[in-house]
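Novice: Here it is, the structure in full.
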2 protein chains.
Amino acid sequence: MSVTVAGWVHEIRDLGGIAFLILRDRTGKIQIKFEKDELPDELVERALSVHRESVLSVTGEVFEEDRAPTGVEVVPSEIEVIAAADPELPLDPSGKVGADLSTRLDNRTLDLRRDEPRAIFEIRSEVLRAARETFRDLGSTEITTPKIVATGTEGGTELFPITYFGEEAFMNQSPQLFKQLLAASGLERVFEIGPIFRAEEHNTPRHLNEATSIDFESAFIDADEAMDVAETFVRSVYEAVQENCQDELETLGLADSFTVPEAGFPRITYEEAIQRANAAGVVDEQLTWGDDLPTEAEKALGEEMDQHYFITNWPASVKPFYIKDEDDDPEVSTGFDLNHPRMELVSGGQREHRYEELVEGFEAQGLDPAAFEYYTKMFKYGMPPHAGWGMGAERLLVTMLDLDNIREAVIFPRDRSRLSP
Amino acid sequence: MSVTVAGWVHEIRDLGGIAFLILRDRTGKIQIKFEKDELPDELVERALSVHRESVLSVTGEVFEEDRAPTGVEVVPSEIEVIAAADPELPLDPSGKVGADLSTRLDNRTLDLRRDEPRAIFEIRSEVLRAARETFRDLGSTEITTPKIVATGTEGGTELFPITYFGEEAFMNQSPQLFKQLLAASGLERVFEIGPIFRAEEHNTPRHLNEATSIDFESAFIDADEAMDVAETFVRSVYEAVQENCQDELETLGLADSFTVPEAGFPRITYEEAIQRANAAGVVDEQLTWGDDLPTEAEKALGEEMDQHYFITNWPASVKPFYIKDEDDDPEVSTGFDLNHPRMELVSGGQREHRYEELVEGFEAQGLDPAAFEYYTKMFKYGMPPHAGWGMGAERLLVTMLDLDNIREAVIFPRDRSRLSP
């Protein structure tokens, strides 16, 4: 059988009288055999003098060959050098020579010719697909909300300022207020997967300045139902990856260990969470009501829980103005987090839907309700009870695939010091 | 049968001894009947004194009633006023009182309680779903590229500047360069649907400053194959809307007229396009090679074609540096547009994949290749031939649904003068 194949030169092994060139593309690798006596000198010379990562087109006959990586090899009759590569590569796509993360990110094109990073982004693509399918199955409408905004969701902190035709504007840090406005519209149940921007100064393996946020919001549900959705969501996405990404999991060495989290994620209250953290003895000073959960406490708790779990009923004081308090206790909010043992994944809650209480909440957090009038005024025209949550897509991937650094889950990350490529 | 229904008060008709309250939610409308003699005064009083758009929960018995809008009505036993609406609404969601676009956009929550605008965004959601499915069926991987960039795709024009930790940066106007870098990676064939930002001063029914771009890029294909993909894409999306959005098309009065464009979109060259425009006599001065196609020429051509059509082989001089020229004529590019009779939808082409020619192209357009080194240097490490295109999601919707203004296709549009909500 005659074929034409095109791809990148992965490797050349010249054994003297015989040489092998391994050509690689997205679908795999194929061996091209050069029995030098049998082929025109010019063809052999041209093919074997290219550098690795050059792009070739090879026409020839396919033969079965058990010793070849794919069980077949091609004996070439025609070779075209489509794009010659420089002899020096900034990164070795064959993976034989390691590279640090920074070099890999500077040269993502080459880095993503390696199987492992590519597998991560094939899985990311499937995660996004499954995420949207899950939301649609739950009757949600996909929305697109603006990324350029006049005011930040939670005030002036951590916002990137932009100049918008002479006016001050910002890149949005969350679709929170928009998705609430739409849960109160005729759409009622909505989701968005899109970029968010946070100008936080942290530069750690867990922080990004531009990330992908997975947002869900629905009218006529409460915090418990929003947690049900979050659990269904996580499990569905894991199921899809298990079903559709076996090759990629294999590549990442996760084929055996990957499991779909069991249904019934435990739900513990914030109060129980600080008690457990105190009992674990990982914090210098005993945590008391109103303290945020420090990283070491979260970590100890995660080890103890050893699965996805919710922390519910956070103190109202540590949650933003748009989270509703419990009806019978204004100190306790309906806010919840969903944590993976390694880190927080989701933040959500029932929303304050009562106009007066909302405006009070703004003031209590030192925000000017007038600056958010486009949002607050809609609460006067029939705002249903509603709840929802937001999840970092990269955190979902980092925890799912056990990645060391959140930058592994973004093709071209943006952080405190990285603005290019 | 006893039910509890919750929704918005759409209308109250009080006829004296009997009154009807129409409750509305996403799934439709239901009639609540108050035979005042039969019900507690307090309940009747409470229910009928609420203003339209208040949110109620109604528990009662369901009866068949042919004269009711849905064939059933509810006789209430319990009514809860969940959220009382103000008597004065800035917009009438029943649609009886019209509102101009600006008022509607200021009050999208209320506007999207109307059937027609909601139908547009239900269709938009389906268009995005079908778009991604089509790309996946074509073997493409979904990518996410940064919206904060150090340099614009096409230089410094029409960019919104942002301050990134003291450094100058911009909001990206197109994922062009990133998707090319990824077509050359192991992913090979990629798509992205995400926001783009253009600081153009135009304020017309056709321009947005923040839009959703649908981008496709693939290694080892040429301009003709990229056009095939664009045609398949458009037809698949129309098919999905026809199949899954009949109710919404009905609402928009399009159920009868909506058709899937026939396969085989005509492909005319730029040269033919200007000849036809000249013959149509719509331009003051005869167009000659190298002129861009003015709006009136595009319009005349659209009327003549009366279907989707490609314009191919644009002059190299009017296309950006990354578009490859024809091998046998450097004056002629491989760039193409896909037009709907009303407007341009898609811009695409085969890309320049040769390093030397690429750098020359930068210089010819007055751009500094050094500022784009993260991009150009990858062309030295085995850059395959590749092609692709970008499409405005809003333009796709505007032409598909025959909308007057592109702002009808965005929930919260951003334009020269609109930055909120």
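The values are calculated or read from the model by the stated rules, or taken from the named source; none is laboratory data. Here the structure is a predicted model, which is why all the values come from computation and not from measurement. Backbone-built Cβ (ideal geometry, glycine too); neighbour counts: all protein chains shown.
Novice: Tally time: how many residues in segment B:408-421 are more than 10 Å from every other protein chain (Cβ to nearest Cβ) and either surrounded by fewer than 18 Cβ atoms within 10 Å (Cβ to Cβ) or out of contact with any helix residue (DSSP H, G or I) (no Cβ under 9 Å at 6 or more places or on another chain) (or both)?
Specialist: Residues that pass the stated criteria total 0.
Novice: Name the residue, out of A:ALA6, A:ALA83, that is among the small types (Gly, Ala, Ser) and closer than 24 Å to A:ASP247 by Cβ.
Specialist: A:ALA6
Novice: Something else: Before we move on, is A:THR145 part of a loop (DSSP other than H, G, I, E, B), closer than 24 Å to B:ASN209 by Cβ and not charged (D, E, K, R)?
Specialist: Here the answer is yes, as A:THR145 does meet what is asked.
Novice: Looking at A:PHE216, A:PHE265, can you tell me which residue is surrounded by 14 or more Cβ atoms within 10 Å (Cβ to Cβ), in a loop (DSSP other than H, G, I, E, B) and touching a Phe, Trp or Tyr at 6+ places or on another chain (Cβ under 7 Å)?
Specialist: Sole residue among the options that is surrounded by 14 or more Cβ atoms within 10 Å (Cβ to Cβ), in a loop (DSSP other than H, G, I, E, B) and touching a Phe, Trp or Tyr at 6+ places or on another chain (Cβ under 7 Å): A:PHE265.
Novice: In segment A:371-388, is there at least one residue being surrounded by fewer than 21 Cβ atoms within 10 Å (Cβ to Cβ) and within 29 Å of the chain's Cα centre (by Cα)?
Specialist: No, every residue in segment A:371-388 fails to be surrounded by fewer than 21 Cβ atoms within 10 Å (Cβ to Cβ) and within 29 Å of the chain's Cα centre (by Cα).
Novice: For segment B:387-407, name all the residues that are part of a helix (DSSP H, G or I) and more than 10 Å from chain A (Cβ to nearest Cβ).
Specialist: Result: B:ARG395, B:LEU396, B:LEU397, B:VAL398, B:THR399, B:MET400, B:ILE406, B:ARG407.
Novice: Still on this model: Scan A:VAL72, A:VAL81 and give me the residue that is surrounded by fewer than 20 Cβ atoms within 10 Å (Cβ to Cβ) and modelled with pLDDT under 95.
Specialist: When all the criteria are applied, what remains is A:VAL72.
Novice: Could you grab the pairs with beta carbons closer than 6 Å, sequence gap of 6+ or different chains, first residue in segment A:291-315 and under 16 Å from A:GLY264 (Cα atoms), second one surrounded by fewer than 19 Cβ atoms within 10 Å (Cβ to Cβ) and hydroxyl-bearing (Ser, Thr, Tyr)?
Specialist: A:THR312/A:THR269
Novice: What number of residues within segment B:160-172 are out of contact with any Leu (no Cβ under 6 Å at 6 or more places or on another chain), more than 7 Å from chain A (Cβ to nearest Cβ) and surrounded by 22 or more Cβ atoms within 10 Å (Cβ to Cβ)?
Specialist: So the answer is 1.
Novice: Would you confirm, using the coordinates I've provided, whether A:ALA150 is surrounded by fewer than 20 Cβ atoms within 10 Å (Cβ to Cβ) and either at the interface with chain B (Cβ under 8 Å from one of its Cβ atoms) or touching a Cys at 6+ places or on another chain (Cβ under 9 Å) (or both)? Full working, then the answer.
Specialist: Details: surrounded by fewer than 20 Cβ atoms within 10 Å (Cβ to Cβ): yes; either at the interface with chain B (Cβ under 8 Å from one of its Cβ atoms) or touching a Cys at 6+ places or on another chain (Cβ under 9 Å) (or both): yes.
The answer is yes for A:ALA150.
Novice: Quick check on my filter: what residues within segment B:88-108 are farther than 18 Å from B:ARG414 by Cβ and within 10 Å of chain A (Cβ to nearest Cβ)?
Specialist: B:GLU88, B:LEU89, B:PRO90, B:LEU91, B:PRO93
Novice: Test each condition in (1) in contact with a strand residue (DSSP E or B) (Cβ under 7 Å, 6 or more places away or on another chain); (2) away from chain A (no Cβ under 14 Å); (3) of a type in the set (S, T, N, Q) for B:SER49 and report the one that comes out false.
Specialist: (1)
Novice: A further question follows. Tell me the helices (runs of 4 or more DSSP H) entirely within segment A:98-140 that contain at least 3 residues that are touching a residue at least 60 places away in the same chain (Cβ under 8 Å).
Specialist: Result: A:101-106, A:115-137.
Novice: Out of all the residues in segment A:191-216, which are within 9 Å of another protein chain (Cβ to nearest Cβ) and more than 17 Å from the chain's Cα centre (by Cα)?
Specialist: Passing the criteria: A:ALA199, A:GLU201.
Novice: Right, next: Given (1) within 30 Å of B:ALA169 (Cα to Cα); (2) surrounded by fewer than 20 Cβ atoms within 10 Å (Cβ to Cβ), where does A:PRO341 come up short, assuming only one miss?
Specialist: Of (1) within 30 Å of B:ALA169 (Cα to Cα); (2) surrounded by fewer than 20 Cβ atoms within 10 Å (Cβ to Cβ), only one is false for A:PRO341: (1).
Novice: Does segment A:374-386 include one or more residues that are within 14 Å of chain B (Cβ to nearest Cβ) and at positive phi?
Specialist: yes
Novice: Hey, another quick one. Scan segment A:251-286 for residues that are charged (D, E, K, R) and under 23 Å from A:SER333 (Cβ atoms) and jot them down.
Specialist: Result: A:ARG267, A:GLU271, A:GLU272, A:ARG276.
Novice: Separate question: Residues in segment B:11-35 that are surrounded by 15 or more Cβ atoms within 10 Å (Cβ to Cβ) and within 11 Å of chain A (Cβ to nearest Cβ): how many?
Specialist: 3
Novice: Give the residues of segment B:173-182 that are under 21 Å from B:THR212 (Cβ atoms) and either within 7 Å of chain A (Cβ to nearest Cβ) or not in a loop (DSSP other than H, G, I, E, B) (or both), sorted by residue number. Outline the logic, then answer.
Specialist: Here is the first cut: in segment B:173-182, the ones under 21 Å from B:THR212 (Cβ atoms) are B:173-180, B:182.
Within segment B:173-182, B:GLN176, B:LEU177, B:PHE178, B:LYS179, B:GLN180, B:LEU182 qualify.
Novice: Looking only at segment A:63-83, how many residues end up being within 17 Å of A:LYS36 (Cβ to Cβ) and either in contact with a helix residue (DSSP H, G or I) (Cβ under 6 Å, 6 or more places away or on another chain) or within 14 Å of another protein chain (Cβ to nearest Cβ) (or both)?
Specialist: The number of residues fulfilling the criteria is 1.
Novice: Continuing with the same structure: Under 30 Å from B:ARG235 (Cα atoms) and either crowded, with 23+ Cβ neighbours inside 10 Å or out of contact with any strand residue (DSSP E or B) (no Cβ under 8 Å at 6 or more places or on another chain) (or both), is that true of B:GLN350? So that I can check it myself, show each step before the final result.
Specialist: On the way: under 30 Å from B:ARG235 (Cα atoms): yes; either crowded, with 23+ Cβ neighbours inside 10 Å or out of contact with any strand residue (DSSP E or B) (no Cβ under 8 Å at 6 or more places or on another chain) (or both): yes.
So B:GLN350 passes the test.
Novice: Next question, about the same structure. Just checking, how many residues over segment A:118-146 are facing chain B (nearest Cβ under 8 Å) and over 24 Å from A:ALA219 (Cβ atoms)? Even if it seems obvious, please write down each step before you answer.
Specialist: The initial filter retains those residues of segment A:118-146 that are facing chain B (nearest Cβ under 8 Å), namely A:118, A:121-122, A:124-125, A:128-129, A:132, A:136, A:141-146.
Add one more test, that the residue is over 24 Å from A:ALA219 (Cβ atoms), and what stays is A:118, A:121-122, A:124-125, A:128-129.
Count: 7.
Novice: Something else about it: Where in segment B:280-386 are there helices (runs of 4 or more DSSP H), lying wholly inside it, with at least 1 residues that are not assigned by TED's automatic domain parsing to the domain that holds B:THR204?
Specialist: Values: elements: B:295-305, B:355-364, B:373-376.
So the answer is B:295-305.
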